[in-house]
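These notes concern the structure reproduced below.
The numbers here are math on the coordinates, done by the rules we state, and not lab data. Bear in mind that the values here come from a model prediction, so they are computed numbers and not experimental data. Neighbour counts are summed over all protein chains in view; Cβ atoms, including those assigned to glycine, are modelled from backbone coordinates with ideal geometry.
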Amino acid sequence: MFIDFTPDTNLYPFASRWFDSSAGRMHYVDEGHGPTILFCHGSPTWSFLYRGIVRSLRSRYRCIAVDQLGFGLSQRPPGFGYTIAEHTDALGELVDHLDLDDYIVVGHDWGGPIGLGAAVPRADRVRGIVLANTMFWPVDQLANRAFSAIMNTRPMRRRILENNLLVEKFLINGLGDTLTDDEADHYRRVQPDEEARVALAATPAQIRAARPLLAWLDHAVPTALGTKPALAVWGMRDPVFRPKACLPRIASAFADLTIVELPDSGHFVPEEAPGEIAAAISGRFR
């Protein structure tokens, strides 16, 4: 299925573009000129998450922000499993289709392992790495694994599908006054019904199910990408990816890493501090 929704151009002033991957049709935006930045979102967001950063950087950079299959305006293809490995493969096809070279990959939440998973086999084409409240290693913390198990139970999956739980409670309510009503509706309206929310319901289980891919990334990222210039921009109030647990892991993987701490931001840091992130990227990759 496809989503019948046209974003407000005052909030999302970008031309929609499309790519037919082997798994389904992907939506993305491609704005500006200059060094290329590839923005990868996680759950339960879409490329709308990066709108403020793209608007800030597109005068100096080519900004590509993609909707993973099952999210945003991309197709909900029949037979697609919405695993992190499948998302990684589809993103890799888009990178090859666009013939991206000397590009910077930006990942937030699941966009970190998805973006890095596509980048590792194309390491010679990667200019730099930007990570924002994400991970690329197996998640062993009890709280995260418990969240995965609970959200994958039948009652919680029904709440995700019927009540849009992840968008309403964790994203919109979690951000409080950060989002206007119109901005919140842009997250709701791309997940309008149960059929559109299948990817949302599948994602929490990946915290445990994607362990083989994450174990591979834990080794492959430092090996293939560890000498690339890297930037970690971190919301220090994130209860999901706690800075004391995550930043040392990232520092051990990248020899040339700059860390920017955002003390007043939580998990959805591209929504909370787009200006700070844009400035950090511009400063790191002049």
Which of these, Ala201, Ala119, Ala209, has the largest mean-square fluctuation under a Gaussian network model of the chain (Cα springs below 10 Å)? Ala209
Can you tell me the relative contact order of the stretch 152-234? Whole percent, Cα pairs under 8 Å, sequence separation 6 or more. 36
With only Lys, Arg, Asp and Glu charged, each at its Cβ (+1 for the first two, -1 for the last two), find how big the charge dipole of the chain is about the Cα centre; round to the nearest 20 debye. 660
Taking Cα pairs closer than 8 Å and at least 6 residues apart, the relative contact order of the chain in percent is 20
Just want to confirm a number: the relative contact order over the stretch 103-159, from Cα pairs under 8 angstrom separated by 6+ residues, in percent. 35
Quick one: among Trp137, Trp216, Trp46, which has the greatest mean-square fluctuation in a GNM of the chain with alpha-carbon springs under 10 angstrom? Trp216
Of the candidates Ser16, Ser252, Ser148, which one comes out as most mobile in a Gaussian network treatment of the chain with C-alpha springs shorter than 10 Å? Ser252
